[in-house]
1. Suppose the filter is modelled with pLDDT of 95 or more and crowded, with 16+ Cβ neighbours inside 10 Å; does residue 64 pass it?
2. Take the residues of region 136-151 that are touching a residue at least 12 places away in the same chain (Cβ under 8 Å) and assigned to a loop (DSSP other than H, G, I, E, B): which is farthest from residue 34 (Cα to Cα)?
3. Might you let me know whether region 24-45 holds any residue that is at pLDDT below 85 and farther than 16 Å from residue 112 by Cβ?
4. Residue by residue through region 24-45, note down the ones that are out of contact with any strand residue (DSSP E or B) (no Cβ under 6 Å at 6 or more places or on another chain) and more than 17 Å from residue 148 (Cβ to Cβ).
5. Test residue 70 against the criterion of being surrounded by fewer than 18 Cβ atoms within 10 Å (Cβ to Cβ), part of a strand (DSSP E or B) and under 14 Å from the mean Cα position of the chain (by Cα), and give yes or no.
6. When region 91-103 is examined, which residues are found to be on the phi < 0 side of the Ramachandran plot, in contact (Cβ under 8 Å) with a residue 12 or more places away in the chain and touching a strand residue (DSSP E or B) at 6+ places or on another chain (Cβ under 9 Å)?
7. Can you pull out every residue in region 108-124 that is over 14 Å from residue 38 (Cβ atoms) and either under 9 Å from the mean Cα position of the chain (by Cα) or modelled with pLDDT of 95 or more (or both)?
8. Kindly list the number of the only condition in (1) without any contact (Cβ under 8 Å) to a residue 40 or more places away in the chain; (2) over 29 Å from residue 181 (Cα atoms); (3) buried (at least 16 other Cβ atoms within 10 Å of the Cβ) that fails for residue 49.
């Protein structure tokens, strides 16, 4: 059966309506992969979050200064600056889905990719950030993975849509998992 030309023209649009829309698509990265591929892994505290215009004046970027308390991989010490696309300068804002968000004073574990001598970006976008939440009495610390929001995660092997494999761990378990991944040979 041959469809009339108007129906054939509308068919692709009708099919697209049935697909879920997502602003960002990225490969899912599990904890061992993040640990192996990151240039640096740091445990620290967010000191400053500041948005600015990029050097060419065409986009907004946000610099996040992290005071490093422990370097789990790499030579990061003192403080590092993580730069991400997006942010708000005055009345103008740019948003990029799938990025980690930061708040001054927040304690974090970050998987980082080097972008300069002291400049980094978060590896795997939001997947490369764990927020440390401490109990009121200070006896327990949980490492909570950052939400990827409305991002479409894709399994790196099957290329099919999937969900995040990240889960909340104690801070000690997260650090042990990182150390174990760094000692294992790559598959």
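1. Against the criterion (modelled with pLDDT of 95 or more and crowded, with 16+ Cβ neighbours inside 10 Å), residue 64 qualifies.
2. 140
3. Looking through region 24-45, at least one residue is at pLDDT below 85 and farther than 16 Å from residue 112 by Cβ.
4. Passing the criteria: 32, 35, 36, 37.
5. In short, no.
6. Once the filter is applied, which keeps residues that are on the phi < 0 side of the Ramachandran plot, in contact (Cβ under 8 Å) with a residue 12 or more places away in the chain and touching a strand residue (DSSP E or B) at 6+ places or on another chain (Cβ under 9 Å), region 91-103 yields 92, 93, 94, 96, 99, 100, 101, 102, 103.
7. Hits for region 108-124: nothing passes.
8. Unmet condition: (1).
The values are calculated or read from the model by the stated rules, or taken from the named source; none is laboratory data. What you see is a predicted model; the values in this text were computed from it and never measured. No Cβ is skipped: glycine too gets one built from the backbone with ideal geometry, and neighbour counts run over all protein chains shown.
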